[in-house]
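Single-structure report; data block below.
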Amino acid sequence: MAILVTGGTGYIGSHTVVQLIESGQEVVVLDNLCNSKKTVIDRIEKITGKRPHFVEGDVRDREVLRSIFTRYKISAAIHFAGLKSVAECSVKPLLYYDNNVSGSVVLAEEMARANIHTLVFSSSATVYGEPVFLPYTEAHPLKPINVYGHSKLMVEQVLQDLANSNSAWRIALLRYFNPVGAHASGHIGEDPSGIPNNLMPFVAQVAVGKREYLSIFGDDYDTVDGTGVRDYIHVDDLASGHLAALNFLSKNNGVVTVNLGTGKGTSVLELIDAFESASGKKIARQIVGCRPGDLPEYYAQADYAKDVLGWQAQHDVARMCIDTWRWQSQNPNGFN
């Protein structure tokens, strides 16, 4: 039996594929390469000594999915495929609803058609929106503030309704906080197209000389040092959360909804300090105005994942920065 990983050449997907292979699983990767590189498959093989099956195609393409389910004995799917830019989603909302929502519906329909009912869904902490209380628990009200968050919440609702309609379904909804870091080998890591949307790759690109300085959006929040606080989680910890979810679903029907975070907030300046220590590089920076919609603090309550999945994050911010710097310094131009 094999695991289908949609979006498996992407940042989080590729690290999850590595861990699946290392755990003895056969893996089939489906990716349209709209925001990733096919050379990631070579890097995965270099790390694991085993090459995952790769199909270039779109999760919205029923014929591609049917051919996969016919050719391979798929027992479960981990669904990463989707668009994720908070900046882009506000100007291209239909694109995001088509990719993220319609793509998930097509995948679920074709899984049901093939009699496959185990699915781990890549959701997001953006489904929570502005905090009513902190840390965010899984019971926090769901009020996303952007199109990306709305698209993730819509898929969560679709999958919840699907499980309610058929008790054969086994579904995990994993709400990520802020993935950072890279594989310890330095062979795979985050390689954003164009200007990075997230803090860590921007810091790393400044350190490697690819960008002149880092813009810090606001320094007068009511936080430990005035800069925004986020829950950064190592991508390898995030990947292991998916394996823990698959293991849980092998024994349990229905839907489980879980935060994947460390439970600890780190400010922008704290992250920069940790990265300077890891890299030995000074990060040039400038303070600019706060961005509309940015929240002062955003971090998880992660106890439920430990209680239900037997999972918890293992790597601290220092390790996240060390692994990011190894990846960026060895691959200054990413996978190119």
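The values are calculated or read from the model by the stated rules, or taken from the named source; none is laboratory data. Source: prediction; values computed, not measured. Counting neighbours? That spans all protein chains shown, and the Cβs are built from the backbone with ideal geometry, glycine included.
Side notes on the structure shown:
A quick yes/no check of all residues on (1) farther than 22 Å from ALA305 by Cβ; (2) in contact (Cβ under 8 Å) with a residue 40 or more places away in the chain; (3) surrounded by 21 or more Cβ atoms within 10 Å (Cβ to Cβ); (4) among the aromatic types (Phe, Trp, Tyr):
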{"site": "ALA81", "(1), (2), (3), (4)": "yes, yes, yes, no"}
{"site": "LYS84", "(1), (2), (3), (4)": "no, yes, yes, no"}
{"site": "SER102", "(1), (2), (3), (4)": "yes, yes, no, no"}
{"site": "VAL105", "(1), (2), (3), (4)": "yes, yes, no, no"}
{"site": "PRO135", "(1), (2), (3), (4)": "no, yes, no, no"}
{"site": "ASN146", "(1), (2), (3), (4)": "yes, yes, no, no"}
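- ALA112 being modelled with pLDDT of 95 or more and closer than 27 Å to SER193 by Cβ: no
- Among all positions in the stretch 216-224, there is no residue which is in a loop (DSSP other than H, G, I, E, B), surrounded by 15 or more Cβ atoms within 10 Å (Cβ to Cβ), of a type outside the set (A, V, I, L, M) and without any contact (Cβ under 8 Å) to a residue 60 or more places away in the chain.
- Candidates in the stretch 19-61 are the residues that are β-branched (Val, Ile, Thr) and part of a helix (DSSP H, G or I); of these, the one that is farthest from ASN331 (Cα to Cα) is ILE21.
- Test set (1) touching a residue at least 40 places away in the same chain (Cβ under 8 Å); (2) crowded, with 19+ Cβ neighbours inside 10 Å - PHE202 fails condition number: (1)
- Subset of the stretch 296-336 (residues that are within 16 Å of ASN198 (Cα to Cα), touching a strand residue (DSSP E or B) at 6+ places or on another chain (Cβ under 9 Å) and in a loop (DSSP other than H, G, I, E, B)): PRO296, TYR299
- Residue pairs whose Cβ atoms lie under 7 Å apart, separated by 6 or more positions or on different chains, with the first residue in the stretch 1-26 and under 11 Å from HIS53 (Cβ atoms) and the second acidic (Asp, Glu) and surrounded by 20 or more Cβ atoms within 10 Å (Cβ to Cβ), are GLY8/ASP31.
- Verdict on ARG71 being at pLDDT 95 or above, surrounded by fewer than 17 Cβ atoms within 10 Å (Cβ to Cβ) and in contact with an Asp or Glu (Cβ under 9 Å, 6 or more places away or on another chain): no
- Members of the stretch 73-97 found to be farther than 30 Å from GLN25 by Cβ and charged (D, E, K, R), listed by number: GLU88, LYS92
- From the options GLU190, GLU138, GLU156, residue that is closer than 20 Å to ASN100 by Cβ, part of a loop (DSSP other than H, G, I, E, B) and either among the charged types (D, E, K, R) or in contact with a Cys (Cβ under 8 Å, 6 or more places away or on another chain) (or both): GLU190
- Of all residues in the stretch 284-328 being touching a His at 6+ places or on another chain (Cβ under 8 Å) and surrounded by 15 or more Cβ atoms within 10 Å (Cβ to Cβ), the one that is farthest from ALA204 (Cα to Cα): ALA313
- Apart from one condition, LYS46 fits all of (1) more than 20 Å from the chain's Cα centre (by Cα); (2) closer than 14 Å to THR6 by Cβ; (3) loosely packed, with under 14 Cβ neighbours inside 10 Å; the exception is (2).
- Residues in the stretch 179-230 that are among the small types (Gly, Ala, Ser) and farther than 18 Å from ALA318 by Cα: 7 in all.
- Test for THR16: is it assigned to a loop (DSSP other than H, G, I, E, B) and in contact with a strand residue (DSSP E or B) (Cβ under 7 Å, 6 or more places away or on another chain): no
- Pairing residues of the stretch 40-62 that are of a type in the set (S, T, N, Q) with residues that are modelled with pLDDT of 95 or more and surrounded by 18 or more Cβ atoms within 10 Å (Cβ to Cβ), at Cβ distances under 7 Å and at least 6 apart in sequence or on separate chains, gives THR48/VAL18; THR48/ILE21.
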